[in-house]
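Okay, structure first, notes after.
The values are calculated or read from the model by the stated rules, or taken from the named source; none is laboratory data. Bear in mind that the values here come from a model prediction, so they are computed numbers and not experimental data. Every residue, glycine as well, gets a Cβ built from its backbone with ideal geometry; the counts of neighbours run over all protein chains shown. Protein only, heavy atoms only, side chains kept; ligands, DNA and RNA dropped before computing areas. Shrake-Rupley method; radii C 1.70, N 1.55, O 1.52, S 1.80 Å.
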Amino acid sequence: MSAATSSPTPGLTLTRPDDWHLHLRDSAALAAVIGHTARQFARAIVMPNLKPPITTTALARAYRERILAARPAGSDFEPLMTLYLTDNTSADEIHRAREAGVVAVKYYPAGATTNSDAGVTDLAKTHKVLEAMQREGLPLLVHGEVTDAEVDLFDREAVFIDRQLIPLRRDLPELKIVFEHITTREGAQYVLAADARIAATVTPQHLLYNRNAIFTGGLRPHFYCLPVLKAEVHRQALVTAATSGSPKFFLGTDSAPHAVHLKEHASGHAGCYTAFSALELYAEAFEAAGALDKLEGFASFHGADFYGLPRNTGTVSLRREAWTLPESLPFGDAALKPLRAGETLAWRLLD
Ligand code: NCD
Ligand code: ZN
């Protein structure tokens, strides 16, 4: 080893990564954000929680065309489409979706988060559909929070594991599941201990911040997302999981753009906008854990392997160079504040 290994890593080159959990929205919002993701990632799993939601293969195909058309000139970014599970989704729809290249189905418990009103009211109602997914090998992506108003907001993920996830996996042991944006030690430990049919995505904000970030020096709405940031022990457990090298954990930003006036509001919308500097944020988290060597597996290999998709070719490079995030970004007629707006980042993705 050369003496250079004792100084800070000057740069980092990774196989082109993918984002396995992304909100792209539609129309002017889509046009405003797609370039950010296309610059960072080769592919992304696009969430179906539009208004109205993407509940059919036909809607998914049309949405895919709008995304492709909104890409910056010359971009080869590939959206991977999902369906939004409802009480009325049919087994036939699952077959059509599979044939059309839809990669997964998203389960939102009704009322759990942004645009989830049409979500599932009772998982038992979807049993036939889940069976069809198990048969077709189509993964179920779960927003893992119970919606029971009597359960404390910070406990909703742990309670979801006991009340829904464990019974679901007992009923349908072959169903592939991604536990999306895990936020707790319970979530990380559950996935790690389970068989290879379940994996989890982890966001940059849940690796970098605990719940204090929402309340430091005043109410900070740009740190508010769902599932909400948790206590420090949970953040540490997520860092341990993401940097462990386990193929069960992979990158999913959950980048969720909302106009600034709807975030800075009496009833502020949930979602952190991280797509603009996603890899930089993850690099910061992995570097703080002394695990930059584990970033490529997490960002570029584990997700593709779980979904049975080819790994990307080509590379992206980051440099250890301080730069300042813009205060705000254009967002149709409104403005969009990236997470850490106006602050300095230690890593920079090179063009
Ligand atoms: C997401 C959104 O805005 O669509 N918000 C969020 O806080 N993560 C929905 C979601 O993934 O829960
Ligand atoms: Zn999401």
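At 0.36 nm per residue, minus the direct Cα-Cα distance, what do R220 and D148 gain on full extension? Give it in nm, one decimal, please.
Details: separation 72, 0.36 × 72 = 25.92 nm, distance 2.56 nm.
My answer for the length gained is 23.4 nm.
Quick one: which residues, 5 or more positions from S255 or on another chain, have an amide H under 5 Å from its amide H? H modelled 1.01 Å from N in the peptide plane, none for Pro or chain starts.
H23, T274
Could you tell me the largest-minus-smallest coordinate of the C-alpha atoms of the range 191-248 on each of the three principal axes, in descending order and whole angstroms?
Per principal axis, max minus min of the Cα coordinates gives 42, 17, 14 Å.
For L262, put the label point 7 Å out on the Cα→Cβ axis and report which residues of the range 8-30 keep their amide N under 20 Å from it.
Within reach of a label on L262: 21-30.
Using 25 Å as the Cα-Cα cut-off, could you pick out the over-long pairs in K128/K248; K51/K337; K294/K337?
Long pairs (Cα-Cα over 25 Å): K128/K248; K294/K337.
Please list, by residue number, every one of the GluC sites (Glu not before Pro) in the range 164-214 that is coil in DSSP and has at most 12 other beta-carbon atoms within 10 Å.
Details: sites: E174, E180, E186; in loops: E174, E180.
Passing both the DSSP loop test and the Cβ count: E174.
Mind listing which GluC sites (Glu not before Pro) in the range 101-151 are in a DSSP loop and have 15 or fewer other Cβ atoms within 10 Å?
Answer in residue order: E150.
Zone of R319 (label point 7 Å along Cα→Cβ, backbone N under 16 Å): which residues in the range 273-312?
280
Convex hull over the Cα atoms of the range 271-351, averaged projected area in nm²?
For the range 271-351, averaging the hull's shadow over all directions gives 6.9 nm².
For the range 56-196, report the convex hull volume of the alpha-carbon atoms normalised per residue, in Å³, without decimals.
So the per-residue hull volume is 130 Å³.
Just to confirm a number: summing +1 for Lys and Arg and -1 for Asp and Glu over residues other than T274 whose beta-carbon lies under 12 angstrom from that of T274, what do you get?
Within the 12 Å Cβ shell, the charges total -2.
For a quick check: with amide H placed at 1.01 Å from N, whose amide H comes under 5 Å from E78's, ignoring anything fewer than 5 positions away on the same chain?
Close amide H contacts, sequence-distant or interchain: R43, A44.
Tell me the mean residue ellipticity at 222 nm calculated for the chain from its helices only (DSSP H runs of n ≥ 4, each -39500 (n - 2.57), averaged over every residue, nearest 500). Write down the numbers at each step before the final one.
Details: 12 runs with 104 residues, N = 351.
Only helices count here, giving -8000 deg cm²/dmol.
Rounded to the nearest 10 degrees, what's the angle between the helix 232-242 long axis and the longest principal axis of the chain, both from Cα atoms, 0 to 90?
90 degrees
At 7 Å along the Cα-to-beta-carbon direction for both K128 and A288, put a label point, then send me their distance in nm to one decimal.
Calculated label separation equals 4.9 nm.
Using the heavy atoms of the protein chains and a 1.4 angstrom probe, tell me the accessible area per residue for the chain in square angstrom.
Per-residue value: 41 Å².
Which angle from 0 to 90°, rounded to the nearest 10, does the C-alpha axis of helix 127-136 make with the longest principal axis of the chain?
60 degrees
Let me check I've understood the local charge: for I198, count other residues with C-beta under 13 angstrom from its C-beta, Lys and Arg +1, Asp and Glu -1. What total comes out?
Within the 13 Å Cβ shell, the charges total +2.
Given a 1.4 Å probe and every protein chain left where it sits, what share in percent of the accessible area of the chain is carbon and sulfur? Spell out each step's value before the answer.
Working: 7290 of 14290 Å².
Its accessible area is 51 percent carbon and sulfur atoms.
Counting Lys and Arg as +1 and Asp and Glu as -1, what is the net charge of the other residues whose Cβ lies under 13 Å from the Cβ of P221? Mind showing how you got there, number by number?
Numbers: positive: R220, K263, K337; negative: E264.
Cβ neighbours under 13 Å give a net charge of +2.
Report relative contact order for the chain in percent, whole number only (criteria: Cα-Cα under 8 Å, sequence separation at least 6).
Relative contact order comes out at 19 percent.
Classify the range 1-139 from the C-alpha gyration tensor, please: rounded if a/c falls under 1.5, else prolate or oblate depending on whether a/b exceeds b/c.
Taking the square roots of the gyration eigenvalues as a ≥ b ≥ c, the range 1-139 is prolate.
Find the Rg to Rh ratio for the chain, where Rh is the Kirkwood radius over alpha-carbon pairs and Rg uses the same atoms.
Working: Rg = 19.1 Å, Rh = 20.3 Å.
When Rh is taken as the Kirkwood radius, the ratio is 0.94.
Kindly provide the chymotrypsin sites (Phe, Trp or Tyr not before Pro) of the range 25-103 that DSSP labels as loop, not H, G, I, E or B, and whose Cβ sees at most 15 other Cβ atoms within 10 Å.
Here no loop site has a sparse enough neighbourhood.
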